[in-house]
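Presented below is the structure to which this report refers.
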Number of protein chains: 2
Amino acid sequence: MITSPSSLRRSERSRRATLDAALELCTERGYGRVTVEAIAARAGVSKKTIYRWWPSKGAVLLEAFAEVFVNATPFVDTGDIDADLRTHVTGAVKLLSTPPYGPAYAGILTELHHDDVLGRAVREDVVGPRFEAAVGRMRRAQEQGQIPAGADLPLAVEMIYGPVYYRLVLRKPPQDEETVAALVAHVLRSLRAVPADPAVDAPAATGG
Amino acid sequence: MITSPSSLRRSERSRRATLDAALELCTERGYGRVTVEAIAARAGVSKKTIYRWWPSKGAVLLEAFAEVFVNATPFVDTGDIDADLRTHVTGAVKLLSTPPYGPAYAGILTELHHDDVLGRAVREDVVGPRFEAAVGRMRRAQEQGQIPAGADLPLAVEMIYGPVYYRLVLRKPPQDEETVAALVAHVLRSLRAVPADPAVDAPAATGG
């Protein structure tokens, strides 16, 4: 099929209307009561149009959530890894405390236990790239000498995100700014207290 | 109603049969397809008997899960907090990787987003006491001088449990023993790198 510029424009309008409708319905009814039928009716598109682009309502809501989440929680680089991680995690916690985003993501985390396609989309399209971005930001901090060379960055990212997920899935009150600051400080201290790994340092010493 | 010793014995037999039936059905069908009706039929008790003791299938499975989980992951005290936390977390990760326990708990975490009674039961009857037990074990390590006096123990417990939940709810592969060891080592290092809090140390200095 050849897509003309006008059909592409129409697609983007429908996509936007679909995502907005899904988030609105999630706010009004809660994740469990959102249906593809209701999204289609609210967005003014056909169910067929929705299913052409997304396999399920979970996939629609994942795209809607991820778009807002990625914009709301950039990995800034002010040259201060402590401050930048605090900024990032505080933004994430705040968004996850805001309906419909937190409940929508909790709903998606629920559904991925029954929906392998959605589970893959969550891990590969959303969590994976965010995880890599977090590791990337910490790697720059390593290059700037703020984190030791041998530090286990993927472990650090899990130590930061883990407690946020923990509270979200248990429906405990989310972290406040002070708790986020303590969390980030502890994770960075744990990396800085690790003696640099000679195996990791050696090539840098020979190559540099 | 006066309960005679024989009716109490019968109750314990029914309770045991109900919990076993729920776990068996969870293994065979997956959490989502377990019903109170099927549990009753398998256990040889009436639905009314089940509803006299538990408000939902989630509550039955929570009790079945928690009983096994608590027994499988004691907070031992060999005098070595690093080793004891590794033992505890490794036990937890292994159980959560074993059907039906991991999938059952993931199902319970799913359901608590729609079921406030179950959510409270998870937080107050299972997670809360386990959390306190973990803090208690670390407090003994503090008294033994293995963790500094001013350390933020509740934060440490979230840093340990968080990554375990993170992988469970995202359906990522669970931690292996090496990763558990690295996680525990990092969390303890983060506490030991924290300068002792003068406000916390002061009373001990005056009182001791």
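In this rough spin-label picture, where each label sits 7 Å from Cα along the Cβ direction, the residue B:48-residue B:172 distance is 5.0 nm. Sequence-ordered 3J(HN,Hα) estimates for segment A:131-141 from the Karplus curve with 6.51, -1.76 and 1.60 and θ = phi - 60° stand at 4, 5, 5, 5, 4, x, 5, 6, 5, 4, 5 Hz, glycine and proline given as x. Net charge of the neighbourhood of residue B:32, taken over other residues with C-beta under 13 Å away and scored Lys/Arg +1, Asp/Glu -1, is -1. Between 0 and 90 degrees, the angle of helix B:5-29 with respect to the longest Cα principal axis of chain B falls at about 80 degrees. Once you sort the root eigenvalues of the Cα gyration tensor of segment A:8-55 as a ≥ b ≥ c, which label holds: rounded (a/c under 1.5), prolate (a/b larger than b/c) or oblate (the other case)? Prolate.
Checking every one of the chymotrypsin sites (Phe, Trp or Tyr not before Pro) in segment B:63-107 against DSSP loop status and a limit of 16 other Cβ atoms within 10 Å picks out B:75. Take every Cα pair under 8 Å whose residues are at least 6 apart in sequence, average their separation, divide by the length of chain B, and the relative contact order is 19 percent. Straight Cα distances below 17 angstrom link residue A:172 to the aspartates and glutamates B:111, B:115, B:116, B:124, B:125, B:132, B:158, with same-chain residues fewer than 8 positions distant left out.
Ascending distances from the residue A:140 label point to its copies in the other chains, with the point 7 Å along the Cα-to-beta-carbon line: 4.6 nm.
Sorted from closest to farthest, the other copies place their residue A:129 label points 4.5 nm away, with each point set 7 Å from Cα along Cα→Cβ.
The label-point distance for residue B:143 and residue A:139, in a model that sets each label 7 Å from Cα toward Cβ, rounds to 4.7 nm. Basic side chains Lys and Arg get +1 at the Cβ, acidic Asp and Glu get -1 at the Cβ, and with that the dipole of segment A:62-192 about its Cα centre reaches some 340 debye. Projecting label points 7 angstrom from Cα along Cα→Cβ for residue A:131 and residue A:82 puts them 2.8 nm apart. For residue B:57, the lysines whose Cα comes closer than 20 Å to its Cα, not counting residues fewer than 8 places off in the same chain, are B:47, B:48. Note on B:81, A:108, B:39: ascending count of other Cβ atoms within 10 Å places them as B:81, A:108, B:39, the fewest first.
Summarising the overall dimensions of the protein assembly as shown from its C-alpha atoms, the Rg and Dmax are 24.2, 83 angstrom. Using alpha carbons only, the radius of gyration of chain A set against its Kirkwood radius gives Rg/Rh = 1.06.
Since every read-out is calculated from the coordinates, none of them should be taken as a lab result. Quick caveat, the model's predicted, so the values are computed rather than measured. Using ideal geometry, Cβ is built from the backbone for each residue, glycine included, and neighbour counts are taken over all protein chains shown.
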